[in-house]
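Structure record follows, encoded as structure tokens.
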Amino acid sequence: MKKVVLLGAGYANMALLKSLPSNVWNENEYEFLLISNTPLHYFSVLLHEVASGVCEEEITLPLNAILPKNVKFIQDKVIRIEQNLIQAENDTYEYNILVVGLGFQSDNFGIVGIKEYADSIVNYQGALALKQKIVNALRDYAVKGDVESFKIAVCGAGFTGIEFIGSFVDELVQIRKELNIHQEKIKITCIEAMPNILPMFNPKLSSSAKTYLEEKNITFELGCKILECEKDGIIVEKNGQKEKIDASLIIWTAGVKGNQVMEDSTFFTTQRSKVEINAYLQPINQANQELMQNVFVIGDCAALKDPLTQRFYPPTAQMAMQQGEFLAKLLVQKLQGKNFSEEFSYKPKGTICSIGSQYAIGYVGKMNIKGKSALWLKRAIEANWKFKLAGLKAFSKTF
């Protein structure tokens, strides 16, 4: 019996499994196995809300309740990928067809001190831990009654950084009230090397987001190249001069790369823990290219070039879902021994960045949107994904 092994339970692999036609499960020539280090599918685009304390279980769905019944789930941590074999923490697993849909990790770009002194938002457990660390730090600060303010530095003004700040500054109102901390005692600074925030949006939208946060007392240090991270602050270069930005707590959101498993697997040729793939989502430019015929890489570990610009697409949930849906069609044909000539083509449907509970910016097609209408649309998209995975029961409190 052929074994189709899927690694990771993120957007890409879940979209794949939910897109497979029902007749696939009637075949007895192959079996599907999903390996993940967590029993949950979590909405990684909402990890910032877990870290900020806005939500927790609401962004997770138990795999045993949403996987097709013919898919066997094994909770194990993948260590390394080899030819026809997966090395994991608890066991080894053979495969005939492999789909790598593992998640991402923080990229510190070799900057000294980031690993030791900064926290990142890359997975569900890490986001929960960061939430608790923030609350504990603020609680200690309130008890000590320090004269100095409590300073939080967020490194990076891309999606994760800005969405976290927007979410946290709203949640902070209640936290301050509970701990009896005056507003002026907590300082939040966002440090960014680029001259503006959210560079993926047009300048007017980015400016509106910046103004919205500045009105909530967020300070932006733009055009600051981060040189080093220390226990109590960030060393930056601004206008050719070195300076230190003090911080009681440092959160790193300035970059991500593919899963460490890819880098640790000599089976693959990688760059920034990513594997370059072609229009059929298969690895290319590999030292072991002849061994890649039955291997597919989707989601955060995949590096796919835009055929028009020849630049790599940024990793997004939208991209991962479209790759999963496409690969479902390809796999059906492959498992039946048929040729498949259709190539993957990414079709962006728009992008929305939430900035707290009352504001968002984004675009759909050529139309720019901002304010509550943008926020409502983002929530509708998230609800649609939840419905696709679990139907109406996903919205039940007993699910």
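Packing, as the average of other Cβ atoms within 10 Å across residues, places the peptides 115-121, 28-34 in the order 115-121, 28-34, highest first. When the listed pairs Lys115/Lys378; Lys144/Lys177; Lys210/Lys231 are checked against a 23 Å cut-off, the alpha-carbon distance exceeds it for Lys115/Lys378; Lys210/Lys231. Kirkwood analysis of the chain, using all unique Cα-Cα pairs, places the hydrodynamic radius at 22.5 Å. Computed about its Cα centre, the charge dipole of region 114-252 is approximately 120 debye, with only Lys, Arg, Asp and Glu carrying charge at their Cβ. Calculated on C-alpha atoms, the gyration radius of region 1-147 divided by its Kirkwood radius gives an Rg/Rh of 1.09.
Counting beta carbons within 10 Å around each of Thr211, Thr38, Thr189, Thr253 and listing the fewest first gives the order Thr211, Thr38, Thr189, Thr253.
Ranking Ala12, Trp252, Ile35 by how far each Cα lies toward the positive end of the dipole of the chain (charges on Cβ) leaves Ala12 at the top. Taking a point 7 Å from the Cα of Arg176 along the Cα-to-Cβ direction, the residues of region 188-215 with backbone N closer than 17 Å to it are 188-190, 212-215. Applying 1/(1 + (r/R0)^6) with r as the Cβ-Cβ distance of Asn26 and Asn196 and R0 = 51 angstrom yields a FRET efficiency of 0.40.
Applying a length cut-off of 18 Å (Cα extent along the axis) and a mean Kyte-Doolittle floor of -1.0 to the DSSP H helices of the chain leaves 124-144, 159-179, 317-335, 372-390.
Couplings 3J(HN,Hα) of region 357-365, computed from phi: 8, 10, 8, 7, 10, x, 8, 10, x Hz, in residue order, whole Hz [Karplus 6.51 cos²θ - 1.76 cosθ + 1.60, θ = phi - 60°; x for Gly and Pro]. Remark: the chain carries a charge dipole of roughly 1120 debye about the Cα centre, counting +1 on each Lys and Arg Cβ and -1 on each Asp and Glu Cβ.
With a ≥ b ≥ c the root eigenvalues of the C-alpha gyration tensor of region 304-392, is it rounded (a/c under 1.5), prolate (a/b larger than b/c) or oblate? The shape class here is oblate. The modelled label-to-label distance for the pair Arg379/Lys204, using points 7 Å beyond Cα in the direction of Cβ, is 2.6 nm. Distance between the modelled labels on Ala129 and Asn96, one decimal in nanometres: 4.0 nm (7 Å Cα→Cβ projection). When only the Cβ of Lys, Arg, Asp and Glu is charged (+1, +1, -1, -1), the dipole of region 204-334 relative to its Cα centre reaches about 380 debye.
Counting 0.36 nm for each residue step from Asn294 to Asn70 and taking away their Cα separation leaves a gain of 78.5 nm. In region 245-375, the convex hull through the Cα atoms has an average projected area of 12.1 nm², a quarter of its surface area. Applying 1/(1 + (r/R0)^6) with R0 = 25 Å to the Cβ-Cβ distance of Tyr313 and Ile79 gives a FRET efficiency near 0.35.
For the charge dipole of region 167-309, defined by +1 on Lys and Arg C-beta atoms and -1 on Asp and Glu C-beta atoms about the Cα centroid, which residue among Thr270, Pro307, Thr189 has the Cα displaced farthest towards the positive pole? Toward the positive end, the furthest listed residue is Thr189.
I'd like the distance separating the alpha-carbon centroids of region 1-59 and region 113-185, in whole Å. So the two Cα centres are separated by 30 Å.
Projected over all directions and averaged, the alpha-carbon convex hull of region 64-171 occupies 11.4 nm². The spread of Cα positions in region 114-252, taken along each principal axis and listed from longest to shortest, comes to 41, 32, 30 Å. With contacts taken as Cα pairs under 8 Å at a separation of at least 6 residues, the chain carries a relative contact order of 19 percent.
Figure legend: label point modelled 7 angstrom from the Cα of Glu215 along Cα→Cβ; residues of region 161-191 with amide N under 16 Å from it are 166-167, 169-170. Backbone amide hydrogens, once placed in the peptide plane, bring Ser248 within less than 5 Å of Lys151, Ile152, Ala153, excluding anything fewer than 5 places away on its chain. In the chain, with Lys and Arg counted as +1 and Asp and Glu as -1 at Cβ, which of these residues, Leu61, Trp376, Gln318, has the Cα nearest the positive end of the dipole, that is, farthest along it? Checked the options; the winner is Trp376.
Rule-based calculations on the coordinates, nothing more; no lab input. What you are looking at is a predicted structure, and each value in this text was computed from that prediction instead of being measured. Note that we place each Cβ from the backbone using ideal geometry, even for glycine, and neighbour counts take in every protein chain shown.
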